[in-house]
Amino acid sequence: MLKQYITSIIILLAFNFVYKGIQYFMYDRADGEVVRHESVLLYYTVHNRSGNDEEHQKWVSAPVILFQAGGEDVEFNLADLEMVEFLDDGDEVTVLYDTAKDEYRAATIINYWLTLYDIALGLVLALVGPVAFAIFKALKKWFASME
């Protein structure tokens, strides 16, 4: 059973890195730097078990990243609950951007390659996957015995 869990985790990590790698090469890239932090009111929704969505807001200190795109300086803030605590002034990051869509992201390990969402989803699938496979295998054997 441990072998199945390890295999599941390796497969999920491989899918994650292949998917993110394809995205990484589809965007334009530039070197950026965190120039300051600014206070941003971040809105987010919490889904509770009763089916009601609760709207929340929180003031965060969001890093502002400066980079060059097409010879022009571009600044954007990274107001994301997962990232506000991890970047300090002066940190250098790789910026993935698409100016046509006005879309910018900082490609760091924590917020791009292996996010908290990726880790949680991977753990859930790694735990549920082998169990579902074992149930499927048992049902297959049961149906075969009925013939």
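Give me a count of the residues in segment 100-120 that are open to solvent by 80 Å² or more (accessible area, probe 1.4 Å) and either in contact with a helix residue (DSSP H, G or I) (Cβ under 9 Å, 6 or more places away or on another chain) or touching a residue at least 60 places away in the same chain (Cβ under 8 Å) (or both). Talk me through it step by step, then tell me what you get.
To start, the set of residues in segment 100-120 that are open to solvent by 80 Å² or more (accessible area, probe 1.4 Å) comprises 100-102, 109, 116-117.
Still in the running and either in contact with a helix residue (DSSP H, G or I) (Cβ under 9 Å, 6 or more places away or on another chain) or touching a residue at least 60 places away in the same chain (Cβ under 8 Å) (or both): 116.
Counting residues in segment 100-120 that are open to solvent by 80 Å² or more (accessible area, probe 1.4 Å) and either in contact with a helix residue (DSSP H, G or I) (Cβ under 9 Å, 6 or more places away or on another chain) or touching a residue at least 60 places away in the same chain (Cβ under 8 Å) (or both) gives 1.
Can Ala30 be described as on the phi < 0 side of the Ramachandran plot and touching an Asp or Glu at 6+ places or on another chain (Cβ under 8 Å)? So Ala30 does not fit the description; no. Contact map, segment 38-51: first residue under 24 Å from Asp89 (Cα atoms) and hydrophobic (A, V, I, L, M, F, W, C), second residue surrounded by 10 or more Cβ atoms within 10 Å (Cβ to Cβ) and modelled with pLDDT under 80, Cβ cut-off under 6 Å, separation 6 or more or different chains; pairs are Val40/Ala79; Leu42/Ala79.
Condition check ((1) of a type in the set (Phe, Trp, Tyr); (2) open to solvent by 100 Å² or more (accessible area, probe 1.4 Å); (3) closer than 18 Å to Ala120 by Cβ) across all residues:
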residue: Ser8; (1), (2), (3): no, no, yes
residue: Leu13; (1), (2), (3): no, no, yes
residue: Tyr27; (1), (2), (3): yes, no, no
residue: Asp31; (1), (2), (3): no, yes, no
residue: Val34; (1), (2), (3): no, no, no
residue: Arg49; (1), (2), (3): no, yes, yes
residue: Glu55; (1), (2), (3): no, yes, no
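Considering segment 73-84, the residues that are at pLDDT 80 or above and in contact with a Leu (Cβ under 7 Å, 6 or more places away or on another chain) include one that is surrounded by the most Cβ atoms within 10 Å (Cβ to Cβ), namely Glu75. Residues of segment 50-76 that are in a strand (DSSP E or B) and polar (S, T, N, Q): Gln57, Ser61, Gln68. Looking at Leu96, Leu87, Leu41, which one is surrounded by 15 or more Cβ atoms within 10 Å (Cβ to Cβ), assigned to a strand (DSSP E or B) and of a type outside the set (S, T, N, Q)? Of Leu96, Leu87, Leu41, the one residue that is surrounded by 15 or more Cβ atoms within 10 Å (Cβ to Cβ), assigned to a strand (DSSP E or B) and of a type outside the set (S, T, N, Q) is Leu96. Selection of first residues in segment 5-31 that are aliphatic (A, V, I, L, M) and of second residues that are assigned to a helix (DSSP H, G or I) and open to solvent by less than 50 Å² (accessible area, probe 1.4 Å), restricted to Cβ pairs under 8 Å at least 6 apart or on distinct chains, gives the following pairs, ordered by first then second residue: Ile9/Gly122; Ile9/Ala126; Leu12/Gly122; Leu12/Ala126; Leu13/Gly122. Note on segment 57-72: residues that are surrounded by 11 or more Cβ atoms within 10 Å (Cβ to Cβ), of a type outside the set (A, V, I, L, M, F, W, C) and touching a Leu at 6+ places or on another chain (Cβ under 8 Å) total 2. Taking first residues from segment 124-147 that are closer than 11 Å to Tyr5 by Cα and partners that are surrounded by 10 or more Cβ atoms within 10 Å (Cβ to Cβ) and aromatic (Phe, Trp, Tyr), the Cβ contacts under 7 Å between residues at least 6 apart in sequence or on separate chains come to Ala126/Tyr5; Pro130/Tyr5.
The values are calculated or read from the model by the stated rules, or taken from the named source; none is laboratory data. As the structure is a computational prediction, the values presented were derived from the model and not from experiment. Quick reminder, even Gly has a Cβ in these numbers, built from the backbone with ideal geometry, and neighbours come from all protein chains shown. To get the accessible areas, we keep the full protein, side chains included, count just its heavy atoms, and leave off ligands, DNA and RNA. Shrake-Rupley method; radii C 1.70, N 1.55, O 1.52, S 1.80 Å.
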